[in-house]
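The values are calculated or read from the model by the stated rules, or taken from the named source; none is laboratory data. Quantities reported herein were computed from a predicted structural model and do not represent experimental measurements. Cβ sites come from the backbone with ideal geometry, for glycine too, and all protein chains shown count toward neighbours.
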Amino acid sequence: MRRIADLGHEIGFHYESLSRTGGDRAAALALFQRELAACRAIVPVTTVAPHGAPLAASANMDLAASITSEGAELLGDATDMDFTHMLYVTDTGGIFGSPYNFRDRPAGQYLSEPVAPTHLAAWLAEHGVARLTLSCHPERWPASRLGLLQARITDAAGNAAKIMLHRRVKWLGSVAT
C-alpha cells in the first residue's frame, strides 16, 4: 500500500463490514471505523468502496449512506462515482473483466472482456486508457506459487457458487411470473 501511495496513487478502503457482522448495522459501523483506522495507520485513505460479497445475505452497499453521514472524514464512496469518463477495473471473480462478476458493474465504463493480470498494463495502453479506478483484492495476488494456487482454487469455488446462486435467483424469478 505504501509503495503504491508513494507513486502518487490514491488508496481507498474496500470494506465488507455489513456482511461480516451478519447485517448488524451498529456493529458494522464500529467494525468499519476500526478497519478504516488500521488502513489510515499505513497510508492516507479518503475514499471507500463496498465489497460486493455476492454469497453474503447482507449487501455492503446498504451501509454506504450510513458511513458517509457518520463523519468518517471521507471524500466519497467509489460506488457514487461517475464512470462515464473513467474506466472501472476490478479483479472480482479472479481476473480483470471476469464473466463471474455479477454485482460489481457500475454505470459507465468497465472491462467487458477478461484480461489477465500480466496483460492488463498492455491492454490499458493499447486501448488508450488515461483514467481508471482499479479495485483489487490483494489476497488474489500472493507472491508464492502455492499461495497463487490456493487463490485460484478459492476463486474457482466462489465462481461456481456464484453461478449456482445466480441461476437459482433467475429460476425463482421466472417461476414467480
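A few points about this structure:
- Among the residues listed as ALA72, ALA37, ALA59, the single one being farther than 22 Å from VAL129 by Cβ and free of Cβ contacts under 8 Å to residues at least 12 places away in the same chain: ALA37
- Take the conditions (1) touching a strand residue (DSSP E or B) at 6+ places or on another chain (Cβ under 7 Å); (2) not in a strand (DSSP E or B); ALA49 misses just one of them, which is (2).
- Residues of the stretch 60-75 satisfying the condition of being part of a loop (DSSP other than H, G, I, E, B) and either modelled with pLDDT of 80 or more or within 19 Å of MET1 (Cβ to Cβ) (or both): ALA72, GLU73, LEU74, LEU75
- Residue identified as in contact (Cβ under 8 Å) with a residue 40 or more places away in the chain and at positive phi among GLY94, GLY128: GLY94
- Annotation: of all residues in the stretch 124-151 being of a type outside the set (A, V, I, L, M), surrounded by 13 or more Cβ atoms within 10 Å (Cβ to Cβ) and not in a loop (DSSP other than H, G, I, E, B), the one that is modelled with the lowest pLDDT is ARG140.
- Some residue of the stretch 25-45 being assigned to a strand (DSSP E or B), modelled with pLDDT of 85 or more, surrounded by 17 or more Cβ atoms within 10 Å (Cβ to Cβ) and not assigned by TED's automatic domain parsing to the domain that holds THR118: yes
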